[in-house]
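So the structure is just underneath, and the comments pick up after that.
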Amino acid sequence: MSSKENFKSALHVQEGINEPDSINPYLDFSKVKRKRVYTVEEYLKGILAGDRVLLSQAITLIESSNPRHYATAQALIEACLPYANNSIRIGITGVPGVGKSTFIESFGKYVTTLGHKLAVLAIDPSSQRYKGSILGDKTRMEALSVDENAYIRPSPSGATLGGVARKTRETIILCEAAGFDVILIETVGVGQSETVVKSMVDFFLLLMLAGAGDELQGIKRGIMEMADAFVITKADGDNVPRTEVAKTQIQSALHLFPPNENGWIIPVTTCSAIENKDIDKVWNIIEMFQKQTKENGYFDLNRKEQWINIFYEWLENSLKENFYSNPMVKAEIEKILPSIHSGRISPYQAGVKVLEKVLK
């Protein structure tokens with residue numbers, strides 16, 4: 001036998017082991033339950049009947065960014081409109097740590113004892129890095145989450161400004177159609193775009209915290225001008241004197257503001273959500289506001305302005321989505337990004353070039 005015949009290369013291929021099928025051959029797909037797809041009529045019937053499972057699924061539908069869900073979502077919103085606009089819409093905001101969730105739970109429990117049906121649209125901030133949200137408001141409102149006259153819907157804010165979810169306006173319509181006559185919108189916190197919240201509610205409530213230095217520090221004047229009432233929270237125990245001082249300071253600051261066109265004089269009050277103290281005062285203020293503005297016509301005028309805001313917002317969102325989903329736009333952007341990254345062209349020049357190319 002020659003030396004060549006005795007030589008065995010280390011590069012020869014060993015016989016492999018047969019891998020099992022990636023799909024279980026014994027799995028019967030006919031028995032796998034698929035998520036049912038409801039029609040607009042089925043969604044509407046369930047919502048009007050107070051079916052919370054269908055209501056939640058309908059809200060998920062309208063929040064979806066899947067193009068296949070768009071037509072059904074739009075048809076459902078239109079179907080719910082005749083049954084909407086029968087609630088008081090309340091926006092609640094405040095600096096982090098002010099106790100929004102604690103206040104909402106105490107306030108919500110009080111409202112439901114009066115016979116009202118309450119929907120809480122709790123907005124959680126989305127991570128700009130990972131695009132996720134904790135959505136833990138139900139765990140922070142344990143008592144309210146099991147109240148049969150309350151419904152809590154946490155939603156991610158996404159990239160939307162103002163601390164609101166992208167489809168909050170549409171969610172309000174669905175909740176009203178489901179029979180909820182008090183809608184609370186909890187925002188992420190005080191920011192530069194709280195006007196978004198103001199533009200979709202009837203009453204804007206600003207929660208404030210006493211004993212943390214300057215009570216007006218960190219609060220933009222524009223936000224204070226938008227508020228229909230100020231509530232200083234945590235008025236209990238040793239903190240009571242500080243809340244009274246803060247109340248006096250805010251009342252003095254409000255004298256510097258021009259009077260409201262609707263004739264409403266902005267009240268300042270204190271409360272303790274932990275002790276359920278003076279929560280009724282907050283609700284009485286909201287009722288007085290609703291009564292006064294309905295009598296002088298500003299309540300209905302504000303609702304009409306909300307419709308205009310919805311119109312412009314819908315146009316802007318539709319134009320943006322259609323623009324970026326356009327294959328030509330995608331191709332032009334991908335083509336010009338390396339030039340921006342290398343510094344061969346400024347972002348402004350790149351934007352002009354893309355628009356010129358697309359709009360031709």
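Read the figures in this text as sums done on the coordinates, not as results from a lab. Treat the numbers as computed from the prediction; the structure is a model and nothing was measured. Backbone-built Cβ (ideal geometry, glycine too); neighbour counts: all protein chains shown.
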*Along principal axes, Cα extents of segment 311-359, largest first, whole Å*: 40, 19, 17
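Based only on other Cβ atoms within 10 Å, what is the fewest-to-most ordering of THR293, THR168, THR72? Please list the in-between numbers first.
Numbers: THR293 21, THR168 25, THR72 18.
Sorted ascending by nearby Cβ count, the order is THR72, THR293, THR168.
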*How far apart, in nm, are two points set 7 Å out from the Cα along the Cα-to-Cβ line at ILE265 and at LYS357?*
6.3 nm
_Order of VAL111, VAL245 under a 10 Å beta carbon neighbour criterion, fewest first_ = VAL245, VAL111
*For the pair GLU244 and ASN326, how long in nm is the line joining their label points, each one 7 Å along Cα→Cβ?*
6.4 nm
*With a point put 7 Å past each Cα toward its Cβ, work out how far LEU81 is from GLU142 in nm, to one decimal.*
4.4 nm
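Suppose R0 equals 22 Å. What FRET efficiency, 1/(1 + (r/R0)^6) with r the Cβ-Cβ distance, do GLN292 and ALA253 give to the nearest 0.05?
On the way: r = 23 Å, r/R0 = 1.03.
Approximately 0.45, to the nearest 0.05.
Taking a 28 Å limit on the Cα-Cα distance, which of the listed pairs LYS100/LYS291; LYS117/LYS198; LYS291/LYS320 fall beyond it?
On the way: LYS100/LYS291 25 Å; LYS117/LYS198 22 Å; LYS291/LYS320 39 Å.
Correct reply: LYS291/LYS320.
Starting from the eigenvalues of the Cα gyration tensor, five times each then square-rooted, give me the equivalent ellipsoid semi-axes of segment 37-83, largest first, whole Å.
Values: eigenvalues 54, 27, 15 Å².
Each semi-axis is the square root of five times an eigenvalue, giving 16, 12, 9 Å.
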*Say R0 is 56 Å: what FRET efficiency, to the nearest 0.05, do SER346 and THR102 get from their beta-carbon distance?*
0.70
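Highest mean first, what order results for 57-69, 174-186 on Cβ atoms within 10 Å?
Working: 57-69: 15.8, 174-186: 23.2.
Order by mean packing, descending: 174-186, 57-69.
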_Computed E for GLU305/ASN284 - FRET, C-beta separation, R0 30 angstrom, nearest 0.05_ = 0.70
